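Structure, as structure tokens:
The values are calculated or read from the model by the stated rules, or taken from the named source; none is laboratory data. Only a predicted model underlies this, so the values are computations on that prediction, with no experimental measurement involved. For neighbour counting, all protein chains shown are included, and Cβ atoms are generated from backbone atoms with ideal geometry for every residue, glycine included.
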Amino acid sequence: MSSLRPFCLTAWLAAPAAAMLLLLAPAAQSHAQTQAAQTTQAPAQSADPAPASPSQTTVAVTSPEQRGVTSRAIDKVKQVAKSAADIFSRVPCLPPKDGSKAMGSLPHVAGKLVAGKPVVIVAFGSSSTAGFGASSPEFNYPNRLAAQLRRHYPTADITVVNAGVGGEDAPEMMKRLQTQVIDVHPDLVIWQVGTNAVLRNLDPGETAKLVEDGISRIQAAGDSDIVLVDPQYSPAVNQRKESAGKMVKLLGNVAELRHVGIFPRFEVMRDWHEKQSIPVESFVIADGLHMNDWGYACFAQLLGDDIIRSVGQIKLGVNVPADVRTYRPM
């Protein structure tokens, strides 16, 4: 089991050449890519503040106007990178103390990154995907994940689409699965589901059936890695302990049956509190349900580390059979 460390700001900024190439791309191109990344985002979400990484680097232009744009972009990058490091300065983001070793890989998205091809990730879900409880869009988990991957792969063209809509669960999500997931042709789908079903006293079995059907449709439509994210460990969810337990178990069964990933958010967050002695209010806001900036950041960190680990496996020539892709964060 490996330890997770705070975002590595020093290491990332130690590659000035790559960063400068990234930042000197024309402002219009960066803006267009940012807008494209947000086409399916919930209306309440604003564009990812982290600088987009173009698929092709651009030769530096020395006009005064672009020098001014570059200077402002460098300042913004420093601010975002600093916030990434500062958020874990008091409480580090660590893996579950009793966490299982990763059982598989995310071969499609990892293969794209290894090959230097553009990568599209769709974060599909409800309010904890949209980012309710975060102090700004910068701190929702899709934007944190995008920032982490762009720092680790500074020359890669990485798009993370936030397709989270507050209050929804599987019945509503299935209505927009085609347009906001399948039609985007993603390399990775991170599907956060089940919390609102628990809160609304919906049958966990019916939710699991809908999710399984949705996974089948995604798999039939193309070559996408899929990771399910189960409900959060929080006071509001824990009040319905029996239903929450069934939901967590059934989503795990669906992931195993359909050979997709499962990020056990409930288990991970419970470990924060019970094994790492982190007070619940340190990762959940006052409503007793939604995560705060630290919670979203650590969630994104663990997801990002799994993607990065999968890229490392591909580079080392580790071929993971399709029937053991289900994984848990280390």
Only residues that are basic (Lys, Arg) and either closer than 28 Å to Ser310 by Cβ or touching a Phe, Trp or Tyr at 6+ places or on another chain (Cβ under 6 Å) (or both): list them for the range 219-260, please.
Lys249, Arg258
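Inside the range 103-152, can you point out the residues that are of a type in the set (Val, Ile, Thr) and touching a Pro at 6+ places or on another chain (Cβ under 8 Å)? Can you show your working first?
Within the range 103-152, the subset of a type in the set (Val, Ile, Thr) is 109, 114, 119-122, 129.
Once the filter is applied, which keeps residues that are of a type in the set (Val, Ile, Thr) and touching a Pro at 6+ places or on another chain (Cβ under 8 Å), the range 103-152 yields Val120, Ile121, Val122, Thr129.
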Has the range 137-160 got any residue that is free of Cβ contacts under 8 Å to residues at least 40 places away in the same chain and charged (D, E, K, R)?
no
Residues that are among the charged types (D, E, K, R) and either at pLDDT 95 or above or not in a helix (DSSP H, G or I) (or both), drawn from the range 235-257
Arg240, Lys241, Glu242, Lys246, Lys249
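Could you go through the range 222-241 and let me know if any residue there is in contact (Cβ under 8 Å) with a residue 40 or more places away in the chain, closer than 15 Å to Ala123 by Cα and hydroxyl-bearing (Ser, Thr, Tyr).
Taking the range 222-241 first, the residues in contact (Cβ under 8 Å) with a residue 40 or more places away in the chain are 222-225, 227, 229, 232-237, 240.
Checking which are closer than 15 Å to Ala123 by Cα leaves us with 224-225, 227, 229.
Remaining after also requiring hydroxyl-bearing (Ser, Thr, Tyr): 224.
So far as the range 222-241 goes, yes, one or more of its residues are in contact (Cβ under 8 Å) with a residue 40 or more places away in the chain, closer than 15 Å to Ala123 by Cα and hydroxyl-bearing (Ser, Thr, Tyr).
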A careful count of residues in the range 127-149 that are touching a strand residue (DSSP E or B) at 6+ places or on another chain (Cβ under 7 Å), buried (at least 24 other Cβ atoms within 10 Å of the Cβ) and more than 18 Å from Gln180 (Cβ to Cβ) gives 1
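Every residue, every condition in (1) at pLDDT below 95; (2) touching a helix residue (DSSP H, G or I) at 6+ places or on another chain (Cβ under 9 Å); (3) assigned to a loop (DSSP other than H, G, I, E, B); (4) surrounded by fewer than 24 Cβ atoms within 10 Å (Cβ to Cβ), yes or no:
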site	(1), (2), (3), (4)
Met269	no, yes, no, no
His273	no, yes, no, yes
Ile278	no, yes, yes, yes
Glu281	no, no, no, yes
Ala286	no, no, yes, yes
Leu289	no, yes, yes, yes
Gly295	no, yes, no, no
Phe299	no, yes, no, no
I'm trying to understand the selection: among the residues of the range 234-250, which are buried (at least 24 other Cβ atoms within 10 Å of the Cβ) and out of contact with any Ser or Thr (no Cβ under 7 Å at 6 or more places or on another chain)?
Ser234, Ala244
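Anything in the range 160-175 that is among the acidic types (Asp, Glu) and surrounded by fewer than 16 Cβ atoms within 10 Å (Cβ to Cβ)? List them, or say none.
Taking the range 160-175 and keeping what is among the acidic types (Asp, Glu), we get 168-169, 172.
Glu172 - this is the single residue of the range 160-175 that is among the acidic types (Asp, Glu) and surrounded by fewer than 16 Cβ atoms within 10 Å (Cβ to Cβ).
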